[in-house]
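Only one structure is covered here, and it is reproduced in the block below.
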Amino acid sequence: MNLLVTGASGFVGQALVTESIRRGLQVRGAMRTSGKLLSGVEACTVGAIDGETDWVDALRGMDVVIHLAARVHVMKDNIADPLAEFLKVNLHGTMKLARQAARTGVKRFVYVSSIKVNGERTHEGQKFSGADIPAPQDPYAVSKWYAEQALYRVASETGMEVVIARPPLVYGPGVRGNFVHMLDVIAQRIPLPFASIHNRRSLVYVGNLVDALITCATHPAAVGQTYLVCDGEDVSTPDLLRQLAVSMGIPSRLFPCPPALLQLAGKLAGKSQQLERLLGSLQVDGDKIRRDLNWAPPYSLLQGLQATAEWYRTKHT
């Protein structure tokens, strides 16, 4: 199988390219700027991603596209019209790629969306599922939801197979952003006021996500489906911090503080969104992909956290 991976130089993209090569797939990596990929991987530079991007060279001879490249979610976006910027890349860029893919004979298009299409949080006893009515609440999530709908229209018009994957927070070696900040705080042995938090959050280890994406790219039953992909082991914020600390060989330093007080402090500091990710719940029902595709995560939560901690120790200490 000839596979095009967009966003091949990113966190998930590098892991996907590595695993695809290991399995004997012929891989081409599309990137916005020129760069080096693994030996045996053809690199293709496409430039800025929007409704005018020319994907023809990248798509030539490809059977399947796994589309990772996106304008990613940020906590504070100072652009005057964030939705327009997200739509430019995540909707119009995706549509240009999908239509050109269909014209060049690509059989299947796997789109990596986001659990944020379902919403921002779940309540006790509730889990997000693919059957939920989408409830995107910020420009990033809206752009992903629009792209999902547009892709299914392309599928109906052209016959190209489309599969959607919605992961929650992805972690693993090479992770960036808030997860690395959390590892930094643990490494600095800073006391954290989260011992009284009793939330539940679903995560997905990058190795599990990559395995699921390759399954979505190859399994005949995946066509036309939307899958929520997770580790299948939900964890509270304090337990996550404790497990990471143990994996890093560091004592966890957690102390109790009423959640209401933490929320007030977050509001006063202008960090309500960041704090919500630590205090709130977001649980995912990943049973559909397991039933339909007989898929199971190859790595446990503990294995994923240990691999992430080992990478962090190697790179940051």
For the stretch 1-36, what are the residues that are touching an Asp or Glu at 6+ places or on another chain (Cβ under 6 Å) and either in a loop (DSSP other than H, G, I, E, B) or touching a residue at least 40 places away in the same chain (Cβ under 8 Å) (or both)?
-> 1, 2
If we keep only residues of the stretch 266-308 that are over 24 Å from residue 198 (Cβ atoms), buried (at least 17 other Cβ atoms within 10 Å of the Cβ) and of a type in the set (A, V, I, L, M, F, W, C), then the residue nearest to the chain's Cα centre (by Cα) is 289
Residues of the stretch 174-192 being surrounded by fewer than 17 Cβ atoms within 10 Å (Cβ to Cβ) and closer than 15 Å to residue 251 by Cα, which ones?
-> 184, 185, 188, 189, 190, 191
Scanning the stretch 101-135 for residues that are closer than 27 Å to residue 61 by Cβ and basic (Lys, Arg), which turns out surrounded by the most Cβ atoms within 10 Å (Cβ to Cβ)?
-> 108
The correct count of residues that are surrounded by fewer than 19 Cβ atoms within 10 Å (Cβ to Cβ), over 18 Å from the mean Cα position of the chain (by Cα) and not in a helix (DSSP H, G or I) in the stretch 136-160 is 1
Within the stretch 149-163, which residues are out of contact with any Leu (no Cβ under 7 Å at 6 or more places or on another chain), within 30 Å of residue 234 (Cβ to Cβ) and in contact (Cβ under 8 Å) with a residue 24 or more places away in the chain?
-> 151, 152, 163
Please specify each residue of the stretch 37-52 satisfying the condition of being within 23 Å of the chain's Cα centre (by Cα) and in a loop (DSSP other than H, G, I, E, B).
-> 37, 38, 41, 46, 47, 48, 49, 50, 51
Which ones in the stretch 35-64 are modelled with pLDDT of 90 or more, of a type in the set (A, V, I, L, M, F, W, C) and farther than 20 Å from residue 87 by Cα?
-> 44, 56, 58, 59, 62, 64
Restricting the stretch 193-225 to residues that are closer than 26 Å to residue 281 by Cβ, surrounded by fewer than 21 Cβ atoms within 10 Å (Cβ to Cβ) and of a type in the set (S, T, N, Q), which is nearest to the chain's Cα centre (by Cα)?
-> 225
What number of residues in the stretch 165-183 are hydrophobic (A, V, I, L, M, F, W, C) and under 12 Å from the mean Cα position of the chain (by Cα)?
-> 4
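The values are calculated or read from the model by the stated rules, or taken from the named source; none is laboratory data. All values reported here derive from a predicted model rather than from experimental measurement. Cβ atoms come from the backbone with ideal geometry, glycine included; neighbour counts cover every protein chain shown.
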